[in-house]
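See structure below.
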Amino acid sequence: MVRPLTIRAATPADAAVIAAIYNQGIADRSATFETRPRSPEDVIGWFDGRHPSVVVERERDVLAFASTSTYRPRACYDGVAEFSVYVARAARGQGAGRAAMLALIEVAAAAGMWKLVSRVFLENTPSRALLRAVGFREVGVYARHAQLDGVWRDVVIVERLIDG
């Protein structure tokens, strides 16, 4: 029997497992332009008191996380947040990413945010499908957005308005 997923707010105590999951994403080269692995100390810096994050667990094992961060520093954008969602390799395709995103949308609304935005590698079809399934729309493509390992990569811009 598969145990149910539980979702909760992420805390600095989750920094090591969040870093481990994020570092899998960095190593896979399919979800971020980052190339330097992150330490738990790096992740602790993400907890700024303004931008919520969630983790998804099964039997107290963290399988996924989703987080928000500053979109732009101007006050007019205070209700817009960048978001990220990462799922541990062994847990992909089991609903943890969807659970993380649905919870993140809810906590972002509670924090007063009205829009979530991000960019997704064009060829990352699992992430694109997940985001469409939870109400995000693709609004355009940034061509040659940045290089990863010396190769130019395009990204799809995604957004979701939150009904707050």
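As I understand it, the dipole of the stretch 13-164 uses +1 on the Cβ of Lys and Arg and -1 on the Cβ of Asp and Glu, about the Cα centre. Which of Pro52, Trp114, Phe136 lies farthest toward its positive end? Highest projection toward the positive end goes to Phe136.
Arranged from fewest to most other beta-carbon atoms within 10 Å of their beta carbon, Leu130, Leu63 become Leu130, Leu63. Does the stretch 1-59 come out rounded, prolate or oblate, given a ≥ b ≥ c as the square roots of the eigenvalues of its C-alpha gyration tensor, rounded meaning a/c under 1.5 and, failing that, prolate meaning a/b above b/c? Oblate is the answer for the stretch 1-59, as a/c is 1.5 or above yet b/c matches or exceeds a/b.
Taking 0.36 nm per residue of sequence separation and subtracting the Cα-Cα distance, how much length would be gained by fully extending the chain between Thr35 and Asp149, in nm to one decimal?
Values: separation 114, 0.36 × 114 = 41.04 nm, distance 0.84 nm.
Separation in residues times 0.36 nm, less the Cα-Cα distance, equals 40.2 nm.
Between Val141, Val120, Val54, the residue with the greatest mean-square fluctuation in the GNM of the chain (Cα pairs under 10 Å linked by springs) is Val141.
Which whole number in µm²/s is D for the chain by Stokes-Einstein, with the Kirkwood Rh taken over Cα pairs at 4 °C and 1.567 mPa s? Estimated diffusion coefficient is 80 µm²/s. The stretch 100-149 and the stretch 1-58 have Cα centres separated by 16 Å. Simple point charges give the picture: +1 on the Cβ of Lys and Arg, -1 on the Cβ of Asp and Glu, and for the stretch 67-145 a dipole about the Cα centre of about 200 debye.
What you get for the chain, charging only the Cβ of Lys and Arg (+1) and of Asp and Glu (-1), is a dipole of about 300 debye around the Cα centre.
Each value in this text was obtained by applying a stated rule to the coordinates, not by laboratory testing. Owing to the predicted nature of the structure, the values given are computational and were not obtained by experimental measurement. FYI the Cβ positions are ideal-geometry reconstructions off the backbone, even for glycines, and counts take in every protein chain you see.
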